[in-house]
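Handing you this structure, nothing more for now.
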Amino acid sequence: MSTLEYKAWLNDPSPENMSKIVDAMSPVINSEIQRYSGPKPLLQTKAKGLAISAIRSYDPKSKAKLPSWVVTQLQPLSRYSQQLRPIHASEAVIRQSAEISRLHKELSDELDREPTEEELSDHVGISVAKIKRIRSSVPAVLSASTFETSNEDEQSNLPAVTVPNRLSTAEDAVYASLGSRDKAIFDLKTGRGGQMLSNGDIAKRMGVTPALVSQRSKFIADQINNLYMRKML
């Protein structure tokens, strides 16, 4: 791989330049992904996140070449692939799971917080135990491509289907460039950190105003969308 992309990023550590490095590293990343079993889109998302961390921690003065360093830092893919189990579920169960997710979001927006299991059960109209069974049959895979921003009554959804690989690269590149506070907001908005919260709950947890969370969320989403659209041109 040419070192031009890396040098460009060193001179200007922008999300766009990070995205170019990740694109240039695609053959290396994809080669490692093929070594492991499991859903390739999930492995690819994990691998890109690891690759970005590796690029940021790389020491140009070391004897290791950048591709070799990235390959070394992709080793956690082995453990991650073992955690990914094949999912076998009927179409009916998949539809039920999607409907539960929709109603969960609807109730969360209504309450401006995460609903309790009992509240969700009442809203959906089925027992807590059945909701758990359905969700365990079809584990939710939430990627950053579902990142939403809300500003009063206005919502903006990023394109989560068209050219997912390019979008994921844009998300990862922008995420790598964020400060600690914006990364925390990103994680809590998308579930990247394991839990997805409303603007109000994020504000309470971080000790800031909901307006600030909304403002920063829109900024992050705009950064991702702008980078994504530039890559599509």
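Within a 10 angstrom radius of the beta carbon, how do His123, His104 rank from fewest other beta carbons to most?
With the sparsest Cβ surroundings first, the list reads His123, His104.
For a protection proxy built on the mean count of beta-carbon atoms within 10 angstrom, sort 18-26, 49-57, 127-135 highest first, please.
18-26, 49-57, 127-135
Next question, about the same structure. Would you mind calculating the gained length between Asp12 and Ser68 on full extension (0.36 nm times residue separation, minus the Cα-Cα distance), in nm to one decimal?
17.9 nm
At what distance in nm do the modelled label points of Arg79 and Ala211 sit from each other, each positioned 7 Å from its Cα along Cα→Cβ?
4.4
Which entries of Lys7/Lys48; Lys105/Lys189; Lys40/Lys63; Lys105/Lys204 have Cα-Cα distances beyond 22 Å here?
Lys40/Lys63
No value in this document is a laboratory result; all are computed from the given coordinates. Here the structure is a predicted model, which is why all the values come from computation and not from measurement. Heads up, the Cβs are rebuilt from the backbone with ideal geometry, glycines too, and the neighbour counts pull from every protein chain shown.
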